[in-house]
1. How many of the residues in the range 443-470 are open to solvent by less than 20 Å² (accessible area, probe 1.4 Å) and charged (D, E, K, R)?
2. If I go through the range 574-609 residue by residue, how many of them are crowded, with 24+ Cβ neighbours inside 10 Å, among the charged types (D, E, K, R) and out of contact with any Phe, Trp or Tyr (no Cβ under 9 Å at 6 or more places or on another chain)?
3. Of the conditions (1) touching a residue at least 60 places away in the same chain (Cβ under 8 Å); (2) open to solvent by less than 70 Å² (accessible area, probe 1.4 Å); (3) assigned to a helix (DSSP H, G or I), residue 740 satisfies every one except a single condition; which number is it?
4. So which residues in the range 354-367 are in contact (Cβ under 8 Å) with a residue 60 or more places away in the chain and either in contact with a Ser or Thr (Cβ under 8 Å, 6 or more places away or on another chain) or open to solvent by 40 Å² or more (accessible area, probe 1.4 Å) (or both)?
5. Scan the range 533-570 for residues that are under 16 Å from residue 325 (Cβ atoms) and out of contact with any Ser or Thr (no Cβ under 7 Å at 6 or more places or on another chain) and jot them down.
6. If you check residue 831 against the conditions, is it open to solvent by 80 Å² or more (accessible area, probe 1.4 Å), more than 16 Å from residue 755 (Cβ to Cβ) and either at pLDDT 90 or above or in a helix (DSSP H, G or I) (or both)?
7. Could you tell me which of the residues 102, 106 is more than 24 Å from residue 633 (Cβ to Cβ), in a helix (DSSP H, G or I), at pLDDT below 70 and open to solvent by 10 Å² or more (accessible area, probe 1.4 Å)?
Amino acid sequence: MVSWHSSSIEEVFKLLETSPKGISEEEAEKRLAAFGPNEIVERKESELFKLFRHLRDPLIYVLIVSGFITFYLGKLADSAIIFAVVAVNTTVGYLQERKAEKTLEKLKKMVEVKARVARRAEREIPARFLVPGDVIVLEAGMKVPADARLFKAVRLRVDESLLTGESVPVEKITDVVDEKSVSKPNLVFAGTLVTDGYGKAVVVATGERTEIGKIARKTEKERETETPLLKKMKKLGKRIFFAILAVSTFNFLIGVYRGYSFDFTFLASVGLAVAAIPESLPALVTMILAMGVRDMASRKAVVRRLPAVETLGSVTTICTDKTGTLTRNKMKVVKVFAGSKEYDADVVGEVDVREVRMTLLAGYICNKAIYREEDGEYIISGDPMEIALLEVAAKAGIRERDWKTIDEIPFDPAIRFMATAVEEDGIAMVYAKGAPERIIAMCSHAMVKGKPIRIDAEYLNRVAEDFASRGMRILAFAYKPADAEGFKIKEHVSDMIFLGFQCMIDPPREESYEAVKKCKEAGVRVVMVTGDHPATALAIARELGIEGKVLTGEDVEKMSDEEFATGIGVFARVLPEHKLRIVRALQKRKEIVAVTGDGVNDAPALKAADIGVAMGSGTEVAKEASDMVIIDDNFATIVAAIEEGRKVFKKIQKVLAWTLPTNGGEGLAIFSAFLIGLALPILPIQILWINTVTALLLGTTLVFEPANELKKPTKGELLSREIVVRIGWVSLLMVLGAYFLFFSQENDVAARTAAMNTIVFFEIFYLLSARNLDKSFFAALKRKNPAILPGILAMIALQVIVAQTQTWLQATPLSIFTWIEILAVSSLVLILSELAKLKKF
């Protein structure tokens with residue numbers, strides 16, 4: 001086995017039959033066929049195991065035992081219905097789990113890791129296509145796509161906590177390391193995260209041959225499939241279960257005391273338990289969550305952690321970036337300012353002015369983007385701002401030159417500039433780019449008419465302010481010549497010569513106007529948090545309708561949390577620590593905060609936020625720290641995701657508001673009869689039948705309810721006071737209605753058939769009201785639900801067939817008059833619940 005860390009880089013290239021320029025596409029295809037994709041295949045549970053896992057539930061245990069006892073007692077029809085309930089709930093739960101898993105698998109592909117690879121020329125490819133021998137480029141924010149040996153490292157630091165548990169990033173080197181050394185700083189490993197600097201490395205292992213792949217083979221990762229909401233639902237279900245178990249036991253004792261037969265009393269108590277417990281809730285909630293995740297994905301919002309679906313509906317404040325989120329992220333240089341003159345970017349190729357050309361050259365050299373023509377097509381990747389700099393440089397004929405980089409300072413938000421030194425005929429030329437005020441402060445002279453003169457910093461800052469007030473983003477550029485011998489770039493980023501500004505526009509997205517307006521109407525506050533110039537940020541904010549004052553990061557440092565947490569609409573020139581403090585200050589005020597980010601330094605704020613939202617074009621570090629990834633980097637997509645989150649919450653509330661009162665009414669019908677000593681209005685087998693078919697044909701229709709308008713944040717109270725009150729009076733009304741029809745019939749069979757259908761129609765009419773918990777039934781009619789009419793019609797048809805033809809449910813045909821009575825009585829629940837919405841009670 002080769003010790004890559006103790007081999008010289010020349011030996012590594014020789015062993016892998018590659019070079020610093022990488023391998024060809026043809027060779028890569030051969031190696032991909034030989035080594036396989038660069039991915040770790042997950043070991044999955046068998047489908048049979050997943051199916052039987054859904055039997056592990058206290059209610060299911062009771063039902064199985066009850067089924068066997070009823071079978072032993074010769075009650076074959078009752079036993080068949082009980083086992084049918086078990087089969088239906090198990091199957092539905094299993095199918096919903098599969099659907100959720102498939103949805104999440106599709107979403108993983110949407111946010112797959114990209115690798116920047118040199119295959120004769122640099123390009124971006126999906127990381128799964130990497131092979132040993134590929135040369136990869138590493139920058140701050142990237143996830144390392146494979147195990148690789150470094151041959152270039154410029155202040156490169158990597159977070160290897162995934163493998164070592166050590167949270168402090170590791171400083172990387174290119175030197176050979178002793179073979180026996182435990183530490184391997186000249187290697188980078190798949191799955192780790194680049195936090196700082198720049199580097200190049202040659203891939204030595206992919207897929208399951210990587211260090212993380214070896215660990216994955218040895219250990220099975222336990223997957224957490226339940227969200228906090230699902231756990232709450234199960235906890236709620238268990239509480240109800242034990243309460244009903246106590247009531248059922250009490251019901252059984254009363255039955256025995258009153259002289260009912262043992263088997264009848266037992267079946268009635270089982271029927272009460274099955275009727276009253278909402279056993280279909282977990283399956284319905286899983287279905288709602290899975291559909292919510294799918295719908296968000298269709299709107300370009302990929303949920304990485306399912307709890308985000310639940311939290312989204314509660315968001316009250318969005319702290320959003322400006323560039324690429326509120327704006328189009330299609331940067332274009334429109335003005336170049338150099339030598340005290342302003343030039344249109346479209347004509348820079350015709351301008352023969354030294355300071356203009358050097359300003360463009362500085363933008364070309366201080367750059368990590370790819371903008372190259374190949375086979376008649378342009379290959380473009382990288383930061384949109386840097387791509388814009390390459391595009392405008394190309395207009396002046398600056399392109400495809402192989403500069404020899406001798407040192408560099410990668411961009412860091414804390415210093416707000418980057419610098420690159422290249423060698424020209426024994427002279428080191430240092431070029432810097434960054435925020436205008438930062439670059440101006442680093443300069444002692446400015447180039448005017450081809451010569452350096454003393455800098456007028458006040459004048460240049462006024463020029464920058466003017467461009468910013470016109471909504472432009474400004475980058476400043478400077479240079480300094482130095483002796484290449486013994487050169488260290490850090491010693492030459494002061495007393496520089498100012499070259500000029502490149503001014504870009506990034507207009508707001510059309511959909512951002514409507515999205516900000518929607519947020520206002522919905523009670524969601526929009527706060528812009530950006531590193532841009534305050535004037536630029538304010539111009540865009542006012543155009544979009546974002547209200548509030550403007551503060552800079554320096555202002556935040558001087559103020560208390562209470563002072564800047566209210567009334568501020570724009571935070572400009574902020575550092576990562578400022579962004580984190582802003583988030584925490586808002587959370588102290590009980591705000592539920594969503595934060596957007598795309599850079600390495602956004603990770604702390606993304607983690608601290610209630611919902612961290614990473615941009616699809618952002619760094620892997622940001623994505624790892626986030627709960628959700630916005631594929632199109634669009635602010636409107638975040639708003640759409642919040643709409644989906646509220647939709648999910650409302651759907652679950654609707655399911656609870658419909659399921660608990662109807663289940664409560666079914667259980668109360670049996671319990672009241674035993675308690676008072678009346679004849680049972682409905683038989684246990686009929687209860688089992690109703691509970692099974694209504695859950696399937698009626699309950700599931702609420703899952704397909706269309707989204708509500710983005711009205712107000714949800715408070716996270718699934719069982720609101722209103723729903724608890726509904727459970728009480730709807731349950732009672734259902735029982736009274738069932739008894740009314742029961743006592744109005746001539747014989748017991750007809751009476752129970754009428755009572756059974758009364759309960760079913762109560763559930764149908766109450767379903768129509770539960771479609772919208774706030775607005776009237778007529779408002780809900782305007783909203784299309786493709787499942788509700790077929791579900792209701794199927795339920796009615798099934799009940800008519802049962803009443804007219806079935807004997808195993810001990811039913812009998814009913815007269816037209818009785819059916820009219822059933823409709824009249826059961827429709828009361830719709831009328832009364834609609835009146836309750838009007839607050840006339």
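The values are calculated or read from the model by the stated rules, or taken from the named source; none is laboratory data. This one's a predicted model, so the numbers in the text were calculated from it and none came from an experiment. Note that we place each Cβ from the backbone using ideal geometry, even for glycine, and neighbour counts take in every protein chain shown. Just the protein is used for accessible areas: all its heavy atoms, side chains included, with ligands, DNA and RNA removed. Shrake-Rupley method; radii C 1.70, N 1.55, O 1.52, S 1.80 Å.
1. Total satisfying the criteria: 0.
2. Summing the residues that are crowded, with 24+ Cβ neighbours inside 10 Å, among the charged types (D, E, K, R) and out of contact with any Phe, Trp or Tyr (no Cβ under 9 Å at 6 or more places or on another chain) in the range 574-609 gives 2.
3. (2)
4. 354, 365, 366
5. The answer is 536, 541, 543, 545, 546, 569, 570.
6. Yes, satisfied.
7. On inspection, the qualifying residue turns out to be 102.
Every residue, every condition in (1) basic (Lys, Arg); (2) part of a strand (DSSP E or B); (3) surrounded by fewer than 20 Cβ atoms within 10 Å (Cβ to Cβ); (4) free of Cβ contacts under 8 Å to residues at least 40 places away in the same chain, yes or no:
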site	(1), (2), (3), (4)
162	no, no, yes, no
173	no, no, yes, yes
176	no, no, yes, no
182	no, no, yes, yes
194	no, yes, no, no
197	no, yes, no, no
202	no, yes, no, no
